[in-house]
Amino acid sequence: MSIPKTMKAARMHDVGSPMKIEEVPVPEVRSNDVLVKVHSCGIVPNLGNVLKNWTTWFPERPLPPLPAIFGLDPAGEIVAVGSQVHYWQPGDRVYVNPGRHCGGCRACRDGRHEHCEYYTFNGYFGFSEKSLKIFDDYPYGGLCQYMTAPQYSLVSLPDSVSYDQAARLGYLGTAYAGLRKAQIRPGQTVMVSGASGTLGLGAILLALGMGATRILGVARNKELLARVKALAPERIEVKSINDNESVEDWVQRMTANEGLDLYVDCIGPGGGHDILLSAMRVLKRGGKAVDIGAIAGDVPVDLHTVMDLQQTVIGSCWFTAAEGQDMADMAGAGTLNMSVFEHVASPLDQINEAISGIENRSGGFSNFVIHP
């Protein structure tokens with residue numbers, strides 16, 4: 001494949017300003033990197049709001065130096081490999097996990113890459129000022145035609161998984177990593193808040209694929225909840241928080257007063273704590289609560305009860321490339337149902353319209369992507 005010297009990219013020059021479509025150099029491949037031709041890059045309905053307000057909301061977590069190419073969830077085809085890349089070959093279909101680590105700190109040397117002090121979301125934001133060095137190494141996110149990626153970040157895609165489906169792996173992976181940390185297994189009852197949203201639907205799909213016996217989904221929209229239940233009506237029960245029955249009473253009724261083995265909180269910053277606190281009150285002895293939605297603020301949890309009942313509260317942020325490969329393999333085998341997503345694709349030239357005009361009518365069933 002002939003690789004051009006320049007390409008189209010969407011770049012943000014000032015926080016809150018529209019992105020500009022510009023011609024920029026195609027990046028050169030370093031020895032441990034690959035060059036990926038981006039076919040699809042996932043975006044979320046809240047992206048425009050996040051980019052506009054990030055520096056005010058989370059000033060301690062830096063954006064890449066501007067002008068910057070964002071894009072968190074790219075999928076595409078490898079077109080070139082570095083001299084020290086042996087496993088991957090041009091023509092391989094891949095998803096690029098945006099998690100970047102330094103490789104040299106104690107956590108990295110111990111294999112705990114997500115604990116790296118330089119850990120960074122390529123094409124999105126960093127977790128400390130040390131991320132600026134990673135942004136220097138990998139300045140291109142997925143909202144461009146070509147990007148470099150370290151070989152450790154790649155997920156091989158089965159032929160049955162499209163690029164648009166692969167661009168959803170980021171938000172699926174957030175749920176998958178949380179469920180793995182909680183050691184989900186058959187025989188368990190799991191409750192998911194925000195069950196019809198982007199994160200919540202992923203948690204539902206993966207809980208099904210990972211063998212949970214009963215799954216309880218809580219959200220607002222009754223029509224979307226009906227679609228969630230229809231995914232596996234013999235294993236899923238749903239409840240709208242607009243119903244009169246309390247979450248606690250409903251859980252006890254659904255579980256014959258046994259309670260929950262696992263609660264997955266998918267509520268984002270700005271959401272209330274009511275469902276989380278209700279779920280904590282109906283956790284079984286030894287039960288676990290996992291936060292993957294980044295719910296914010298002080299939460300009044302009774303730690304005495306957590307101690308006495310040997311419960312666990314887990315925070316889980318993102319996932320590894322190995323976990324991404326697990327999900328791709330599950331999708332290839334059919335145990336992770338990717339067919340439920342309704343792809344809403346826009347060309348790169350319409351990036352500003354895409355991130356500012358999204359109408360999330362189908363909740364998490366909608367999969368918004370950009371085709372560079």
Residues located in region 215-239, provided they are surrounded by fewer than 18 Cβ atoms within 10 Å (Cβ to Cβ) and in contact with a helix residue (DSSP H, G or I) (Cβ under 6 Å, 6 or more places away or on another chain):
Ala232
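Any residue at all in region 292-302 that's assigned to a loop (DSSP other than H, G, I, E, B), of a type outside the set (Val, Ile, Thr), within 16 Å of the chain's Cα centre (by Cα) and crowded, with 19+ Cβ neighbours inside 10 Å? If you could, list the steps in order and put the result at the bottom.
Here is the first cut: in region 292-302, the ones assigned to a loop (DSSP other than H, G, I, E, B) are 292-302.
Narrowing the set further to residues that are of a type outside the set (Val, Ile, Thr) leaves 293-294, 296-298, 300, 302.
Restricting the remaining residues to those that are within 16 Å of the chain's Cα centre (by Cα) gives 293-294.
Imposing the further condition that a residue be crowded, with 19+ Cβ neighbours inside 10 Å reduces the set to 293.
Yes, some residue in region 292-302 is assigned to a loop (DSSP other than H, G, I, E, B), of a type outside the set (Val, Ile, Thr), within 16 Å of the chain's Cα centre (by Cα) and crowded, with 19+ Cβ neighbours inside 10 Å.
Tell me which residues, restricted to region 113-155, are farther than 30 Å from Glu353 by Cα, touching a Phe, Trp or Tyr at 6+ places or on another chain (Cβ under 7 Å) and in a helix (DSSP H, G or I).
Going through region 113-155, the residues farther than 30 Å from Glu353 by Cα turn out to be 113-119, 128-130, 133, 150-152.
Imposing the further condition that a residue be touching a Phe, Trp or Tyr at 6+ places or on another chain (Cβ under 7 Å) reduces the set to 114, 119, 130, 133, 151.
Glu114, Lys133, Gln151 - these are the residues of region 113-155 that are farther than 30 Å from Glu353 by Cα, touching a Phe, Trp or Tyr at 6+ places or on another chain (Cβ under 7 Å) and in a helix (DSSP H, G or I).
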Restricting region 341-358 to residues that are open to solvent by 60 Å² or more (accessible area, probe 1.4 Å) and touching a Ser or Thr at 6+ places or on another chain (Cβ under 9 Å), the one modelled with the lowest pLDDT turns out to be Glu353
Out of all the residues in region 2-39, which are in contact (Cβ under 8 Å) with a residue 40 or more places away in the chain, in contact with a helix residue (DSSP H, G or I) (Cβ under 7 Å, 6 or more places away or on another chain) and either surrounded by fewer than 16 Cβ atoms within 10 Å (Cβ to Cβ) or not in a strand (DSSP E or B) (or both)?
Val15, Pro18, Met19, Asn32
Given (1) at pLDDT 95 or above; (2) closer than 19 Å to Ala177 by Cβ; (3) open to solvent by 30 Å² or more (accessible area, probe 1.4 Å), Asp265 misses just (3)
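Per-residue answers, yes or no, for (1) within 14 Å of Ala322 (Cα to Cα); (2) among the aromatic types (Phe, Trp, Tyr); (3) buried (at least 24 other Cβ atoms within 10 Å of the Cβ):
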residue	(1), (2), (3)
Tyr163	no, yes, no
Ala166	no, no, yes
Pro186	no, no, no
Gly194	no, no, yes
Does Ser196 count as polar (S, T, N, Q) and out of contact with any strand residue (DSSP E or B) (no Cβ under 9 Å at 6 or more places or on another chain)?
no
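For region 67-91: of the residues being small (Gly, Ala, Ser) and assigned to a loop (DSSP other than H, G, I, E, B), which is most open to solvent (accessible area, probe 1.4 Å)?
At the first step, the residues of region 67-91 found to be small (Gly, Ala, Ser) are 68, 71, 75-76, 80, 82-83, 91.
Going one step further and asking which of them are assigned to a loop (DSSP other than H, G, I, E, B), we end up with 71, 82-83, 91.
Numbers: Gly71: 8, Gly82: 9, Ser83: 98, Gly91: 40 Å².
The qualifying residue most open to solvent (accessible area, probe 1.4 Å) is Ser83.
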Looking at (1) open to solvent by 30 Å² or more (accessible area, probe 1.4 Å); (2) touching a residue at least 12 places away in the same chain (Cβ under 8 Å), find the lone condition where Asn49 falls short.
(2)
Hey, can you tell me all the residues within region 40-63 that are among the hydroxyl-bearing types (Ser, Thr, Tyr) and either not in a helix (DSSP H, G or I) or not assigned by the TED database to the domain that holds Ala149 (or both)?
Ser40
Checking the structure you have, find out if any residue of region 274-289 is assigned by the TED database to the domain that holds Val36, surrounded by fewer than 22 Cβ atoms within 10 Å (Cβ to Cβ) and of a type in the set (Lys, Arg).
no
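Only one residue in Ala75, Ala9, Ala80 is over 25 Å from Gln350 (Cβ atoms) and among the hydrophobic types (A, V, I, L, M, F, W, C), so which one is that?
Numbers: Ala75 fails: over 25 Å from Gln350 (Cβ atoms); Ala9 fails: over 25 Å from Gln350 (Cβ atoms).
Only one candidate passes the filter, namely Ala80.
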The residue that is most open to solvent (accessible area, probe 1.4 Å), considering only those in region 196-214 that are touching a Cys at 6+ places or on another chain (Cβ under 7 Å) and aliphatic (A, V, I, L, M), is Leu199
Taking region 64-80 and keeping only residues that are touching a strand residue (DSSP E or B) at 6+ places or on another chain (Cβ under 8 Å) and not small (Gly, Ala, Ser), one is left with Pro64, Leu66, Pro67, Ile69, Phe70, Leu72, Asp73, Pro74, Glu77, Ile78, Val79
What do you reckon, is Leu276 in a helix (DSSP H, G or I) and aliphatic (A, V, I, L, M)?
yes
Given (1) outside any helix (DSSP H, G or I); (2) open to solvent by less than 20 Å² (accessible area, probe 1.4 Å), where does Ala328 come up short, assuming only one miss?
(1)
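The values are calculated or read from the model by the stated rules, or taken from the named source; none is laboratory data. All figures in this text were calculated on a predicted structure; none of them were measured in a lab. No Cβ is skipped: glycine too gets one built from the backbone with ideal geometry, and neighbour counts run over all protein chains shown. Keep in mind that these areas ignore ligands, DNA and RNA; they rest on the heavy atoms of the full protein, side chains included. Shrake-Rupley method; radii C 1.70, N 1.55, O 1.52, S 1.80 Å.
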